[in-house]
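Asks: Okay, handing you the structure first.
The values are calculated or read from the model by the stated rules, or taken from the named source; none is laboratory data. These numbers come from a predicted model, not from an experiment. Here Cβ is always computed from backbone atoms with ideal geometry, including for glycine, and neighbour counts include all displayed protein chains.
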Amino acid sequence: MPLRQSDTGAAFIAGLAFPEPLRGALARRAPPRGPAIKICGLSTPSTLASALDEGANFVGFVFFPKSPRHLSLETAAHLALITGTRAVKVALTVDADDAALDAIVAGMGPDMLQLHGHELPARVADVKARFGLPVMKAIGVSSRDDLAAVGRYAGIADRLLFDAKPPAGADLPGGNGLAFDWDLLKNLQLDAPFMLSGGLDARNVVEAARRTGAGAVDVSSGVESVPGQKDPARIAAFVRALRSAAGVETLGSDDATR
């Protein structure tokens, strides 16, 4: 069954306050149908190039020492320079303090901040005010009760990301290759599109997008050969599965957004 969500990805992108020339570049690369795509945990120029050439709308860089995807500021700055305006550069942090965020923002110049820890709504508001960047807050989900947090962050975070809640005692808040019951998101009332994460790969992402109506999807471990090492072939398969199901040709590197 084809994926025919009309403009979910374009709406996800259009509602975010990005400056020019990034806004115009993103508008030209936004998928006309189906969700936007984020490839997270990129760490090398070659795998970043694969994500960009396939038409990823968001690229994520992880700043969390416990993660196998953790980057130094020097590496992140180099990858950000390569990215330019071809995709939204997302800095993922976990309960980072102001000093750490100051260094990340100054060092690599992200377009968006992703807060993937236990940040309370007040902290999300503080981060938005301090840096003037769009903020996406991750919410771990394992049961319907976890969705009670939605109301606390709505209107504060620019976007919400729903990820599988990690097992008790896990070192990582995300990127564990775990999925949650997507049907928990049915009939969820939100004022803005959301991003879906958790256990996605080329085999299940179309069904996940269809069942949730997500405005964007996020993948990390699902496009890796081993934890922390992205696989260009798996990146291509993931993006092409979604674009094909939506009846959209892959938005590659030949457009005018560089």
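Asks: Output yes when any residue across the stretch 156-172 is of a type in the set (A, V, I, L, M, F, W, C), in contact (Cβ under 8 Å) with a residue 60 or more places away in the chain, closer than 18 Å to residue 220 by Cβ and crowded, with 16+ Cβ neighbours inside 10 Å, and no when none is. Spell out the reasoning first.
Replies: Here is the first cut: in the stretch 156-172, the ones of a type in the set (A, V, I, L, M, F, W, C) are 156-157, 160-162, 164, 168, 170, 172.
Retained after the next criterion (residues that are in contact (Cβ under 8 Å) with a residue 60 or more places away in the chain): 172.
With the extra rule that they be closer than 18 Å to residue 220 by Cβ, the set shrinks to 172.
Next, from what is left, pick out any that are crowded, with 16+ Cβ neighbours inside 10 Å: 172.
Within the stretch 156-172, one or more residues are of a type in the set (A, V, I, L, M, F, W, C), in contact (Cβ under 8 Å) with a residue 60 or more places away in the chain, closer than 18 Å to residue 220 by Cβ and crowded, with 16+ Cβ neighbours inside 10 Å.
Asks: May I pose another question? So the check is Cβ under 7 Å with 6+ separation or different chains; which pairs have a first residue in the stretch 193-206 that's of a type in the set (D, E, K, R) and a second one that's outside any strand (DSSP E or B)?
Replies: 201/222; 201/238
Asks: Which one of these is surrounded by fewer than 23 Cβ atoms within 10 Å (Cβ to Cβ), in contact with an Asp or Glu (Cβ under 8 Å, 6 or more places away or on another chain) and free of Cβ contacts under 8 Å to residues at least 40 places away in the same chain: 102, 95? Working first, answer last.
Replies: Details: 102 fails: in contact with an Asp or Glu (Cβ under 8 Å, 6 or more places away or on another chain).
Result of the check over 102, 95: 95.
Asks: Scan the stretch 30-57 for residues that are crowded, with 24+ Cβ neighbours inside 10 Å and under 15 Å from residue 222 (Cβ atoms) and jot them down.
Replies: Hits for the stretch 30-57 are 35, 37, 38, 39, 40, 41, 42, 51, 56.
Asks: Any idea which residue in the stretch 111-149 is surrounded by the most Cβ atoms within 10 Å (Cβ to Cβ), counting only those that are part of a loop (DSSP other than H, G, I, E, B) and in contact with a strand residue (DSSP E or B) (Cβ under 6 Å, 6 or more places away or on another chain)?
Replies: Within the stretch 111-149, the subset part of a loop (DSSP other than H, G, I, E, B) is 111, 116-120, 132-134, 142-143.
Okay, now just the ones that are also in contact with a strand residue (DSSP E or B) (Cβ under 6 Å, 6 or more places away or on another chain), so 111, 116, 133-134.
On the way: 111: 21, 116: 28, 133: 20, 134: 20.
Filtering first and then ranking leaves 116.
Asks: Examine the stretch 25-39 for a residue that is in a helix (DSSP H, G or I) and modelled with pLDDT of 95 or more, and state whether such a residue exists. Talk me through it step by step, then tell me what you get.
Replies: Narrowing the stretch 25-39 to residues in a helix (DSSP H, G or I): 25-29.
Remaining after also requiring modelled with pLDDT of 95 or more: none.
Checked against the condition, which is being in a helix (DSSP H, G or I) and modelled with pLDDT of 95 or more, the stretch 25-39 yields no hits at all.
Asks: While we're on this one: What number of residues within the stretch 40-75 are within 17 Å of residue 233 (Cα to Cα) and part of a loop (DSSP other than H, G, I, E, B)? Spell out the reasoning first.
Replies: Step one: filter the stretch 40-75 for residues within 17 Å of residue 233 (Cα to Cα), giving 40-56, 59.
From the residues that got through so far, the ones that are part of a loop (DSSP other than H, G, I, E, B) too are 41-44, 55-56.
Qualifying residue count for the region: 6.
Asks: Which condition number does residue 86 fail, the rest of (1) outside any helix (DSSP H, G or I); (2) among the charged types (D, E, K, R); (3) closer than 22 Å to residue 156 by Cβ being met?
Replies: Result: residue 86 fails condition (3) only.
Asks: Filter the stretch 150-193 for residues that are within 22 Å of residue 120 (Cβ to Cβ) and either charged (D, E, K, R) or in a helix (DSSP H, G or I) (or both) and give the result.
Replies: Once the filter is applied, which keeps residues that are within 22 Å of residue 120 (Cβ to Cβ) and either charged (D, E, K, R) or in a helix (DSSP H, G or I) (or both), the stretch 150-193 yields 150, 151, 152, 153, 158, 159, 163, 165, 171, 191.
Asks: Can you go through 16, 79 and tell me which one is in contact with a helix residue (DSSP H, G or I) (Cβ under 9 Å, 6 or more places away or on another chain), buried (at least 16 other Cβ atoms within 10 Å of the Cβ), assigned to a helix (DSSP H, G or I) and among the hydrophobic types (A, V, I, L, M, F, W, C)?
Replies: Working: 16 fails: assigned to a helix (DSSP H, G or I).
Answer to the selection: 79.
Asks: Just for the stretch 22-41: of the residues that are touching a strand residue (DSSP E or B) at 6+ places or on another chain (Cβ under 9 Å) and not small (Gly, Ala, Ser), which one is nearest to residue 209 (Cα to Cα)?
Replies: 35
Asks: Would it be correct to say that residue 231 is more than 21 Å from residue 145 (Cβ to Cβ), at pLDDT 95 or above and either among the charged types (D, E, K, R) or surrounded by fewer than 19 Cβ atoms within 10 Å (Cβ to Cβ) (or both)?
Replies: Values: more than 21 Å from residue 145 (Cβ to Cβ): yes; at pLDDT 95 or above: yes; either among the charged types (D, E, K, R) or surrounded by fewer than 19 Cβ atoms within 10 Å (Cβ to Cβ) (or both): yes.
When the stated conditions are applied, residue 231 passes them.
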